[in-house]
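This report concerns only the one structure given below.
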Amino acid sequence: MRAHKDIAGFRAAVLAWFRREQRALAFRGTRDPYRVWLSEVMLQQTRVAAALPHYRRFLRRFPSVRALARAGEEDVLRAWAGLGYYRRARNLHRAAKEIVARHGGRFPRRREEALRLPGVGEYTSAAVLSIAYGQPLAALDGNAARVLARVTGMRGDARRPSNWRRLQKQADRLLSGNSRERGSRPKLDPGEWNQALMELGATLCLPRAPKCAECPVAEMCRARAAGAQEEIPGARRGRAREKVSIAAAVLLDAEGKVLLLRPETGHERELFSGMWQFPAVRVRRDARRELAARLAAMLNGASENGRPVIAEKFAALGSLRHAVTFRDITLLPFLLRVETLPPVPGARVWTAQDADAPAVSSATRKILEAALGRTARRDAALRGR
Ligand code: ADE
């Protein structure tokens with residue numbers, strides 16, 4: 001797709017399709033830079049349907065950059081709960097503070113300044129500046145990249161840096177054309193164009209079984225002409241997946257309260273996104289014994305209300321699967337009923353029904369649900385006797 005005629009035809013066909021078929025999404029129809037930025041950050045690792053309710057909720061809680069900047073980190077993480085990849089929320093929060101401190105509370109218009117904000121890279125800066133401010137910057141995400149790889153017939157892993165650069169150049173050319181034909185073409189809205197290309201990738205030009213019959217540019221697609229839609233782009237060569245087993249202890253008292261920690265360091269901290277978590281240990285061989293040893297160390301003298309922690313008292317709650325980026329985690333929750341929760345420095349007590357829940361990752365929620373499911377069944381059985 002080098003000729004200007006091709007580019008013009010491609011753009012016209014994609015835009016006409018987008019104007020007709022685009023999904024009515026809550027974040028469309030706004031050019032408010034804060035909202036655009038928030039939606040683009042949420043959509044980076046989360047599908048549109050899953051992100052939308054969070055987007056609305058987050059905005060109700062933090063309706064402006066200033067409101068977000070003023071908030072405590074714990075509140076921000078809580079509002080992000082369920083979306084995962086909490087680094088995004090931490091960066092968003094830090095960036096909001098910088099925007100208030102250095103840019104008068106408005107997302108900066110200059111690309112170099114935008115790129116200096118935590119969590120704002122090539123994609124996010126191009127997306128926000130094009131959609132909110134109309135700047136001619138091509139935002140290349142995985143969906144747009146797949147469309148361009150197929151249209152141009154580029155084989156290989158699109159994420160390989162050399163391939164990604166080629167796709168970015170292609171995207172730049174599509175957006176701005178070259179100088180020879182400038183002026184002859186109707187003006188393009190860069191934000192609309194970027195979204196159109198991403199939308200095509202998200203709804204028709206799917207990774208598997210693309211809907212070529214509905215595609216407005218099927219006739220211009222090299223991958224389709226070669227019958228190679230499913231092979232292009234090539235498989236992503238990812239990081240090898242790591243398998244990890246984590247045992248976690250739910251200490252539950254008679255009032256239904258559980259104990260949470262927020263360790264400063266350690267492997268387990270990373271696996272729970274640095275949020276409040278149950279006492280946990282990475283299992284090497286024997287989950288029950290290793291968890292008991294961890295608890296004994298934590299309780300500083302191996303006591304649970306003056307009595308030693310007894311591994312045999314742990315009720316195993318089965319195993320749960322949890323996948324995060326490149327890790328396949330097996331969670332092994334254990335329930336330990338105690339009369340009263342032991343005092344542990346820096347720990348926090350959580351009543352599960354508490355509306356004011358602390359910021360916990362979805363792994364911690366899964367563990368809690370396993371524990372409460374178990375106690376609910378037991379209580380029902382006792383009542384039924
Ligand atoms: N994916 C990420 N951002 C998007 C947007 N603004 N429109 C469509 N798909 C997207």
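The per residue volume of the convex hull around the alpha-carbon atoms of the chain is 178 Å³.
With a/c under 1.5 counting as rounded, go ahead and sort segment 88-188 into rounded, prolate or oblate using the C-alpha gyration tensor (a ≥ b ≥ c being the square roots of the eigenvalues; past the cut-off, prolate if a/b is larger than b/c, else oblate). Working shown, then result.
Working: a/c = 3.10, a/b = 1.47, b/c = 2.11.
Oblate, since a/c reaches 1.5 and b/c is not below a/b.
For the chain, the per residue solvent-accessible surface stands at 51 Å², with DNA, RNA and ligands left out and a 1.4 Å probe. The angle between the Cα long axis of helix 4-21 and the longest principal axis of the Cα atoms of the chain comes to about 50 degrees, rounded to the nearest 10.
Net charge of the neighbourhood of residue 33, taken over other residues with C-beta under 9 Å away and scored Lys/Arg +1, Asp/Glu -1, is +3. Helix 87-102 axis versus longest C-alpha principal axis of the chain: approximately 70°, rounded to the nearest ten. Placing +1 on each Lys and Arg Cβ and -1 on each Asp and Glu Cβ, with no other charges, gives the chain a dipole about its Cα centre of roughly 840 debye.
Each part gets one Cα centre, and for segment 335-362 versus segment 1-57 those centres are 41 Å apart. DSSP finds beta bridges in the chain, and of those with both partners inside it, around 60 percent are antiparallel.
The lysines whose alpha-carbon is closer than 20 Å to the alpha-carbon of residue 257, local same-chain residues fewer than 8 away aside, are 313, 366. Shape summary of segment 10-129, radius of gyration then Dmax from alpha carbon positions: 14.7, 47 Å.
Provide the FRET efficiency to the nearest 0.05 for the residue 351-residue 57 pair, computing r from the beta carbons and using R0 = 30 Å.
Details: r = 22 Å, r/R0 = 0.74.
Once rounded, the FRET efficiency stands at 0.85.
Against the longest alpha carbon principal axis of the chain, how many degrees, from 0 to 90 and to the nearest 10, is the axis of helix 122-133 turned? Taking the Cα atoms of the chain, the angle to 122-133 is about 70 degrees. Highest mobility in the GNM of the chain, judged by mean-square fluctuation with C-alpha springs under 10 Å and restricted to 32, 141, 354, is found for 354.
With springs connecting C-alpha atoms under 10 Å apart, model the chain as a Gaussian network and identify which of 337, 66, 285 has the largest mean-square fluctuation. Of 337, 66, 285, the Gaussian network model singles out 285 as fluctuating most. With all pairs of separate Cα atoms included, segment 152-292 yields a Kirkwood hydrodynamic radius of 20.4 Å.
Going from most exposed to least, what order do 350, 276 have by accessible area with a 1.4 Å probe? Intermediate values should be presented prior to the final figure.
Working: 350 5, 276 30 Å².
I get 276, 350, largest accessible area first.
Ordering 188, 129 by accessible surface, largest first, gives 188, 129; the 1.4 Å probe counts only protein heavy atoms, with every chain in place. Short to long, the 5 Å bins of the Cα pair-distance histogram for segment 264-303 hold 6, 24, 26, 26, 16, 3 percent of all pairs.
For the residue pairs 97/243; 5/169; 5/187; 211/243; 187/211, the C-alpha atoms sit more than 26 angstrom apart in 97/243; 211/243; 187/211.
Express the carbon and sulfur contribution to the solvent-accessible surface of the chain as a percent, rounded to the nearest whole number, probe 1.4 angstrom. Display every interim value, and only then the final one.
Working: 9460 of 19490 Å².
C and S fraction of accessible area: 49 percent.
Largest to smallest in accessible area, the residues 325, 152 fall in the order 325, 152 (1.4 Å probe, all protein chains included).
The values are calculated or read from the model by the stated rules, or taken from the named source; none is laboratory data. Because the structure is a prediction, the values reported are computed rather than measured. Glycine gets a Cβ as well: all are built from the backbone with ideal geometry, and neighbour counts include every protein chain shown. Ligands, DNA and RNA are stripped out before the accessible areas are found, and what is left, the full protein with its side chains, is counted by its heavy atoms. Shrake-Rupley method; radii C 1.70, N 1.55, O 1.52, S 1.80 Å.
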